[in-house]
Amino acid sequence: MPRTLARKDPGSFQTLPLFVEANAEALSYQSLGRPLNFPQMLKRRQPVSVADSQHFAVELANLGVSVRLTLSWQGRDYWVLVRQRREDRGDVVLKLISGYVPAHELNLPLLTALHEVAEECLLETPEGWLSGRFGDTWLPAPYHPALRYRENAHFRLSPLSGSARQVRCGNMTLLERPRAYVHLPTASLQLVYDLHLELPKETRHLSLLHVDECLEQGQLVARLDRRRPDLYLIPLEQGRPRAELLSLKNGQLKAVGTRGLWLAESFAAQDGWLVRDERIRWKDWLVQQNLAPGKKSPARAGFKRLA
């Protein structure tokens, strides 16, 4: 049975619409107008059009962040993906860890990205749950005391190589150099941070689980459902993804079926600063990446389909 971990008031969330300018070398954004609550923001997320993918100025509904999280496990690297049912778009996709940037963090979106990792990516060991650090900054433990976090061990997040093109909030350059794109169907600016997750050396029997939030009677309720861990891994080989999808439970990797699977728009083709698609089929993404399904391996034992 799903376990309720937290409840919060969605009315406390506020963000700001944006004015975005871009050229071939850099993109800058700044706040525009009055703060928006969550329903107001969703109402503004309507399709926009831009004539030139490299040079433009446009008003957008919000700023979002994603984390392309690379997990190191037993000598191999994996991208971490989250299964999400997107009520506003009526679909189910695998996506990067992501969230909306609140108004008070508009000039520090990395902080939002770190909070999203802490909230969406739960790492369980037999000794308890792992909290994390980014440099000298502790990530929050959002579900304490409902979950018992370990005191003597934690994971570490560190930045990987950033985008070649600059992104600025006003006159301030974002030092971590996230990849940026304007998502035309939702009139949003998206920043993608490339981060690496290093586990404690003694980690054994690791399980990955995702906490899902849903709106119930005016409250956002966070629940953990062990029957639907909803965190998945794409293995990497020399930094390149493989055409496989895996889950990790009690230290064991299991292959997951990909028939009919869709990925979120962050995996779709980017033209200049623009992404035009709502989503992309897994099989189309494999073609885009010039990937072919891998041969059967021990990890494919216990094959199951992602529903």
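Values in this text are rule-based calculations from the coordinates and carry no lab data. Treat the numbers as computed from the prediction; the structure is a model and nothing was measured. Don't worry about glycine lacking a Cβ; one is built from the backbone with ideal geometry, like all the others, and counts go over all protein chains shown.
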Problem set entry | Zone of Arg259's modelled label, taken as backbone nitrogen in the range 86-116 under 19 Å from a point 7 Å along Cα→Cβ | 92-94
Exercise. What does a probe at Lys283 reach in the range 72-97, counting residues whose amide N is under 19 Å from the point 7 Å along Cα→Cβ?
Worked result: 92-94
Exercise. Which one of Gly239, Val192, Val117 has its Cα pushed farthest toward the positive end of the charge dipole of the range 3-305, where Lys and Arg give +1 and Asp and Glu give -1 at the Cβ?
Worked result: Gly239
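Here are some pairs, Lys254/Lys283; Lys43/Lys95; Lys201/Lys283; which of them have Cα atoms lying more than 29 Å apart in this structure?
Values: Lys254/Lys283 20 Å; Lys43/Lys95 22 Å; Lys201/Lys283 36 Å.
Result: Lys201/Lys283 exceed 29 Å.
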Exercise. Can you work out the FRET efficiency for the pair Arg85 and Leu42, with r the C-beta to C-beta distance and R0 = 22 Å, to the nearest 0.05?
Worked result: 0.90
Exercise. To the nearest 10 degrees, how steeply does helix 109-120 sit against the main Cα axis of the chain, on a 0 to 90 scale?
Worked result: 30 degrees
Exercise. How much net charge surrounds Ser158 when only the other residues with a Cβ under 11 Å from the Cβ of Ser158 are counted, with Lys and Arg +1 and Asp and Glu -1?
Worked result: -1
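Please arrange His115, His183 by how many other C-beta atoms lie within 10 Å of their C-beta, fewest to most. Don't skip to the end; give the middle numbers.
Details: His115 17, His183 25.
Lowest count first: His115, His183.
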Exercise. Hey, what do the phi angles of the range 66-71 turn into as Karplus ³J(HN,Hα) couplings, whole Hz, using 6.51/-1.76/1.60 and θ = phi - 60°, x for Gly and Pro?
Worked result: 9, 10, 8, 8, 9, 9
Exercise. Cα centroid distance between the range 108-129 and the range 164-215, in Å?
Worked result: 12 Å
Seminar exercise, completed: If His154, His104 are placed from fewest to most neighbouring beta carbons inside 10 Å, the sequence is His104, His154
For this session: Label the range 77-180 by shape, choosing from rounded, prolate and oblate, from the square roots a ≥ b ≥ c of the eigenvalues of the Cα gyration tensor; if a/c is under 1.5 it is rounded, and otherwise prolate applies when a/b is larger than b/c, oblate when it is not.
Result: oblate
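Indicate the gyration tensor shape class of the range 1-64 (rounded, prolate or oblate), computed on the Cα atoms with a ≥ b ≥ c the square roots of the eigenvalues: a/c under 1.5 is rounded; otherwise a/b larger than b/c is prolate and the rest oblate.
Working: a/c = 2.73, a/b = 2.25, b/c = 1.21.
Because a/c hits 1.5 or more and a/b exceeds b/c, the range 1-64 counts as prolate.
What order do you get for Met41, Met1, Met172 when you list them from fewest to most C-beta neighbours inside 10 Å? It would help to have the intermediate numbers written out before the result.
Working: Met41 19, Met1 7, Met172 11.
With the fewest neighbours first, Met41, Met1, Met172 line up as Met1, Met172, Met41.
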Exercise. Per-residue HN-Hα couplings for the range 125-142, Karplus 6.51 cos²θ - 1.76 cosθ + 1.60 at θ = phi - 60°, whole Hz, x for Gly and Pro?
Worked result: 10, x, 8, x, 8, 9, 8, x, 9, 10, x, 8, 9, 7, 6, x, 9, x
Exercise. What number, rounded to the nearest 500 deg cm²/dmol, is the helix-based mean residue ellipticity at 222 nm of the chain, given -39500 (n - 2.57) per DSSP H run of at least four residues and division by all its residues?
Worked result: -2500 deg cm²/dmol
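Extension gain Asn23-Met172, at 0.36 nm per residue separation less the Cα-Cα distance, in nm? List each step's numbers first, then the result.
Numbers: separation 149, 0.36 × 149 = 53.64 nm, distance 1.64 nm.
52.0 nm is the gain from fully extending Asn23 to Met172.
Mind checking the full-extension length gain between His144 and Arg223? Use 0.36 nm per residue of separation minus the Cα-Cα distance, one decimal, nm.
Between His144 and Arg223, full extension yields 27.1 nm more.
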